[in-house]
Amino acid sequence: MTFEIFILVLVSAAIHPFWNLIIKKDKSPERTYFLLGLGTVGLAFIHIWVTGLSFNLPSSVWGFIAISVLGQIIYGIALVSTYEKGDISIYYPIIRASPLFVIAVSFLFFGQTYEWYVLLGVLIVLVAGATLVIQPRQLVKFQPNILMLAVLAMCGTGIYSMSDAAASQLIPVPVLYFYVQIIFAFCYGLIMSLAGKLHFSSIFLPVEFPSVRRALLASVLMYSSYMFILHAYSIGGDVALVTTVRQISIPISVLMGGIWLRESGMLPRFVASGVLSIGIAIALIG
């Protein structure tokens with residue numbers, strides 16, 4: 001990994017937890033996430049228009065876009081459901097453990113084998129993840145439904161990360177982001193509306209303006225974060241190593257959960273999240 005790619009991923013990782021915090025704090029995370037998606041579509045459109053890029057797509061990229069949209073839908077639905085019920089300091093580290101998904105897919109479908117230190121890293125991650133879902137001051141308080149949602153969000157992240165890494169080699173990153181997000185926003189809005197969790201008639205009512213402003217702020221943060229990642233992919237960043245460096249966002253998310261959301265038991269969670277990050281680094285870097 002070059003120094004340029006490392007800096008791009010590091011900045012992206014530092015930004016990423018902040019828009020997750022906005023989703024977590026909002027009373028209607030489904031609406032905010034939908035508005036966030038619309039906001040990033042608008043930002044991508046402006047980016048493409050200002051830079052004079054073309055909206056035309058080669059037929060070879062549509063398959064990657066479809067896979068990315070699928071991953072984004074899985075991730076988006078599972079993410080907001082996780083944050084409705086669980087602490088961000090517990091479940092954000094699990095959601096961000098997507099390098100494990102990359103390892104599993106590479107092994108099962110592409111025949112890639114791994115050294116002993118990879119297995120050691122995976123074991124460390126599993127132990128740290130188990131520690132994170134143990135609530136403070138209790139021996140065991142396991143919430144399997146929330147954990148399943150967090151793992152599902154993690155898989156969604158792995159799906160769109162691998163697909164985006166391939167697609168970014170074929171088309172400019174703002175164009176890729178625009179098409180993925182506009183299709184995702186439509187699909188996500190439709191699914192949430194059918195589920196009764198999103199009512200389009202009330203999205204832009206005056207009483208909801210604070211939520212709209214928060215969604216716009218989250219859009220800027222999300223778009224900036226992912227532009228850095230897509231650019232890192234486009235200049236040759238390896239998806240496994242990129243997702244590994246992004247794990248620096250995990251300890252940041254735990255600190256944010258304690259400082260801004262007043263979540264309890266921060267010290268053991270911070271230690272566990274740090275161990276989880278180390279485990280992923282061992283698994284992928286060695």
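The values are calculated or read from the model by the stated rules, or taken from the named source; none is laboratory data. Source: prediction; values computed, not measured. Reconstructed Cβ throughout: ideal geometry from the backbone, glycine too, with neighbour counts over all protein chains shown.
Miscellaneous remarks
- Where helices (runs of 4 or more DSSP H) fall wholly inside the range 1-86, the ranges with 2 or more residues that are among the β-branched types (Val, Ile, Thr), touching a Leu at 6+ places or on another chain (Cβ under 9 Å) and buried (at least 16 other Cβ atoms within 10 Å of the Cβ) are 3-25, 62-85.
- Pair list, Cβ < 7 Å and 6+ apart or interchain, from the range 92-120 residues that are closer than 15 Å to SER277 by Cβ and of a type in the set (Gly, Ala, Ser) to residues that are assigned to a helix (DSSP H, G or I) and at pLDDT 75 or above: ALA97/MET154; SER98/MET154; SER98/THR157; SER98/GLY158; SER98/SER161
- Here is the figure for the range 67-119: residues that are of a type in the set (D, E, K, R) and closer than 25 Å to TYR179 by Cα total 1.
- Being at pLDDT below 75 and not in a loop (DSSP other than H, G, I, E, B) is a description that applies to PRO93.
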